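To start, the structure itself, in structure tokens.
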Amino acid sequence: MNQKLHSVIRLFSVVLSLFIYLLLFVAGSAYAHGVELEYNISEAVQVTARFDSGTPMADAQVAVFAPGNPAEPWLIGICDSEGRFLFVPDPALPGLWEIQVRQAGHGGLLRVEVAEGALTQSTAGGFSSTQKAVMTAAVIWGLIGTAFFFSRRRP
Amino acid sequence: MKKFMFSILAVLFIVLSLLAAGCAGQDSAQKEGQQEDNGTESPAEGFGTLVFTANGEEFIREGFLSKDGWELSFNHAYVTMSNITAYQSNPPYDTEQGWEISYDVKVELEGFHTADLTDPDSDPAKLAQIGQVPSGHYNAISWTMTRAVEGPAEGYSLLLVGKAEKDGQVIYFTLGIEQEVDYLGGDYVGDERKGIVAPGSSADLEMTFHFDHLFGDGEEDFDDEINLEAFGFDPLAALAVNGEVNADLASLEKLLSPQDYELLLSIFTHLAHVGEGHCLARFVN
């Protein structure tokens, strides 16, 4: 009798689990206002536009021109309150991308190189060779100093 | 002995690392050169027409409120240009490069060209056109704002004739600018792209003059950058005799304070634009 009761309880548990599963995954997808979110990781261009005074060009108009078609914007948009605008260029269109930013009668044009899927800002930046050399030497010297420290004679 | 060995090693490491960094620098420099090559556009085949225009925008055609509250209207705004040259620059010119510009195609418009930018039809004012120019994107332009050799603006590179009103006071002014200025600008920045000559068709290239840089813009905040750097009209109003100001730079140098005169002179280094894009400027003589 007791064994029979256990069997019934086990069966009830299985049925209940199945019901909850169906409720969550089947009925849920049928009736809830669900959303489907996907993502992919891409290289993007973030433009930051400021006036000479350093004031962000908030809400400035942006027009992006793909290589080979300087007459028709590939994308148009608006900067945020900090003068920033983000877009992902089509890697299938390598070459010089042009980004025009305008506000209140002032504007400028920025060019970004997209070569074989890699982004390169057309204006030079980063560290100079001298800076790199000094940094490399500093790191090496630090390693040597550490070696000296551990190799010293202990009293 | 051990210490000596470490010293030798230390020197060796530093020399090697410096060499390695130097090579890395060379490598990246070569890559930058390659990227420039990739970004170049060879001139398109065919020929078209390039139209040269000048524009003073609504400010000069319709009048505007100066930063110090003068309602300005203009009867004439004669600007004279020479040495007008359009480029298919490669790599595309940017004013940060300075006066060095490399190009695939250069088109020069000969002669002196004067436009009255107040003309209602001067939106923009057509100066001249050249046919049979190589097609492609003319993405840079240089010119000299030069003294007119004949006509109503003779002797002046810029001549403004108009009226200023404020609190019931009316001042008629004639302001002649003798100073000649070289300008070099990159791609036109505006609602539409300009200078793109397709085979068999025409395109215009504009030299734009922003007169709010001279008088300021009363529609903007007083501490807006455009107003902080502008000359305004008050210094000229202070020179009015019987409601008139007739002055040129030579007389203003004597009549204005040294600070006001320097400010006025500096305006002409940022008066010219290509649409909304700034130009490089330098005084001639």
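Just checking, which of B:115, B:140, B:125 is farther than 30 Å from residue A:98 by Cα, touching a Leu at 6+ places or on another chain (Cβ under 8 Å) and among the small types (Gly, Ala, Ser)? Even if it seems obvious, please write down each step before you answer.
Details: B:140 fails: farther than 30 Å from residue A:98 by Cα; B:125 fails: farther than 30 Å from residue A:98 by Cα.
The conditions single out B:115.
Among the residues of region B:189-205, is there at least one that is surrounded by 17 or more Cβ atoms within 10 Å (Cβ to Cβ), closer than 30 Å to residue B:137 by Cα, more than 10 Å from chain A (Cβ to nearest Cβ) and touching a Lys or Arg at 6+ places or on another chain (Cβ under 8 Å)?
We begin by selecting, within region B:189-205, every residue surrounded by 17 or more Cβ atoms within 10 Å (Cβ to Cβ); these are B:189-190, B:193-197, B:203-205.
Going one step further and asking which of them are closer than 30 Å to residue B:137 by Cα, we end up with B:189-190, B:193-197, B:203-205.
Now narrow it down to the ones that are more than 10 Å from chain A (Cβ to nearest Cβ): B:197, B:204-205.
Applying the additional criterion that residues be touching a Lys or Arg at 6+ places or on another chain (Cβ under 8 Å) yields B:204-205.
Looking for residues that are surrounded by 17 or more Cβ atoms within 10 Å (Cβ to Cβ), closer than 30 Å to residue B:137 by Cα, more than 10 Å from chain A (Cβ to nearest Cβ) and touching a Lys or Arg at 6+ places or on another chain (Cβ under 8 Å), one finds at least one in region B:189-205, hence yes.
I'm trying to understand the selection: among the residues of region A:81-90, which are surrounded by 15 or more Cβ atoms within 10 Å (Cβ to Cβ) and assigned to a loop (DSSP other than H, G, I, E, B)?
Matches in region A:81-90: A:83, A:89.
Every residue, every condition in (1) outside the structural domain of residue B:280 (by TED's automatic domain parsing); (2) in contact with an Asp or Glu (Cβ under 6 Å, 6 or more places away or on another chain); (3) more than 20 Å from residue B:55 (Cα to Cα), yes or no:
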{"site": "B:128", "(1), (2), (3)": "no, no, no"}
{"site": "B:142", "(1), (2), (3)": "no, no, no"}
{"site": "B:146", "(1), (2), (3)": "no, yes, no"}
{"site": "B:150", "(1), (2), (3)": "no, no, yes"}
{"site": "B:183", "(1), (2), (3)": "no, no, no"}
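Of the numbered conditions (1) within 8 Å of chain A (Cβ to nearest Cβ); (2) surrounded by 16 or more Cβ atoms within 10 Å (Cβ to Cβ); (3) at pLDDT 50 or above; (4) in a helix (DSSP H, G or I), residue B:61 fails exactly one; give the number of that condition.
Only one criterion is unmet by residue B:61, namely (1).
Residues checked against (1) in contact with a Lys or Arg (Cβ under 9 Å, 6 or more places away or on another chain); (2) of a type in the set (S, T, N, Q); (3) free of Cβ contacts under 8 Å to residues at least 24 places away in the same chain:
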| residue | (1), (2), (3) |
| --- | --- |
| B:216 | yes, no, no |
| B:239 | no, no, yes |
| B:247 | no, no, no |
| B:257 | no, yes, yes |
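Residue-by-condition table, conditions (1) within 23 Å of residue B:105 (Cα to Cα); (2) within 14 Å of chain A (Cβ to nearest Cβ); (3) aliphatic (A, V, I, L, M); (4) in contact with a His (Cβ under 9 Å, 6 or more places away or on another chain):
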| position | (1), (2), (3), (4) |
| --- | --- |
| B:228 | no, yes, yes, no |
| B:232 | no, no, no, no |
| B:239 | no, no, yes, no |
| B:255 | no, no, yes, no |
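Note down all Cβ pairs under 6 Å where the first residue falls in region A:82-110 and is at positive phi and facing chain B (nearest Cβ under 9 Å), the second is surrounded by 15 or more Cβ atoms within 10 Å (Cβ to Cβ) and not hydroxyl-bearing (Ser, Thr, Tyr), and they're at least six residues apart or on different chains.
If the second residue must be surrounded by 15 or more Cβ atoms within 10 Å (Cβ to Cβ) and not hydroxyl-bearing (Ser, Thr, Tyr), the pairs left are A:95/A:67; A:105/B:276.
I'd like to verify a number: residues in region B:231-285 that are surrounded by 16 or more Cβ atoms within 10 Å (Cβ to Cβ), farther than 30 Å from residue B:193 by Cβ and of a type in the set (Gly, Ala, Ser), how many?
4
Looking only at strands (runs of 3 or more DSSP E) that fall completely inside region B:151-220, which ones have 3 or more residues that are more than 19 Å from the chain's Cα centre (by Cα) and modelled with pLDDT of 95 or more?
Values: elements: B:158-166, B:169-177, B:180-185, B:202-209.
Once the strands (runs of 3 or more DSSP E) in region B:151-220 are filtered for at least 3 residues that are more than 19 Å from the chain's Cα centre (by Cα) and modelled with pLDDT of 95 or more, what remains is B:158-166, B:169-177.
When region A:64-74 is examined, which residues are found to be within 9 Å of chain B (Cβ to nearest Cβ) and either within 21 Å of the chain's Cα centre (by Cα) or in a strand (DSSP E or B) (or both)?
A:65
Out of B:96, B:110, B:100, I need the residue that is among the charged types (D, E, K, R), modelled with pLDDT under 95 and over 23 Å from residue B:61 (Cα atoms). Which one?
Working: B:110 fails: modelled with pLDDT under 95; B:100 fails: modelled with pLDDT under 95.
One residue alone meets the criteria, B:96.
Scan region B:125-138 and tell me whether some residue there is crowded, with 19+ Cβ neighbours inside 10 Å, more than 18 Å from the chain's Cα centre (by Cα) and of a type in the set (Phe, Trp, Tyr). Lay out the reasoning, then the answer.
We begin by selecting, within region B:125-138, every residue crowded, with 19+ Cβ neighbours inside 10 Å; these are B:125, B:127, B:133-138.
Filter once more, so that each one left must be more than 18 Å from the chain's Cα centre (by Cα): B:133-137.
Filter once more, keeping what is of a type in the set (Phe, Trp, Tyr): none.
Looking for residues that are crowded, with 19+ Cβ neighbours inside 10 Å, more than 18 Å from the chain's Cα centre (by Cα) and of a type in the set (Phe, Trp, Tyr), one finds none in region B:125-138, hence no.
Which residues, counting only those in region B:96-136, are of a type in the set (S, T, N, Q) and not in a loop (DSSP other than H, G, I, E, B)? Spell out how you get there, then give the answer.
Step one: filter region B:96-136 for residues of a type in the set (S, T, N, Q), giving B:97, B:102, B:114, B:118, B:122, B:129, B:132, B:135.
Once the filter is applied, which keeps residues that are of a type in the set (S, T, N, Q) and not in a loop (DSSP other than H, G, I, E, B), region B:96-136 yields B:97, B:114, B:129, B:132.
Which of the residues belonging to region A:53-63 are within 8 Å of chain B (Cβ to nearest Cβ) and either among the hydrophobic types (A, V, I, L, M, F, W, C) or over 25 Å from residue B:213 (Cα atoms) (or both)? Write out each step before concluding.
Start the filter on region A:53-63 by keeping residues that are within 8 Å of chain B (Cβ to nearest Cβ), which leaves A:53, A:55.
Within region A:53-63, no residue meets the criteria.
The values are calculated or read from the model by the stated rules, or taken from the named source; none is laboratory data. If you're wondering where the values come from, they're calculated on a predicted model, not measured in any experiment. Neighbour counts run over all protein chains shown; Cβ positions are idealised from the backbone, glycine included.
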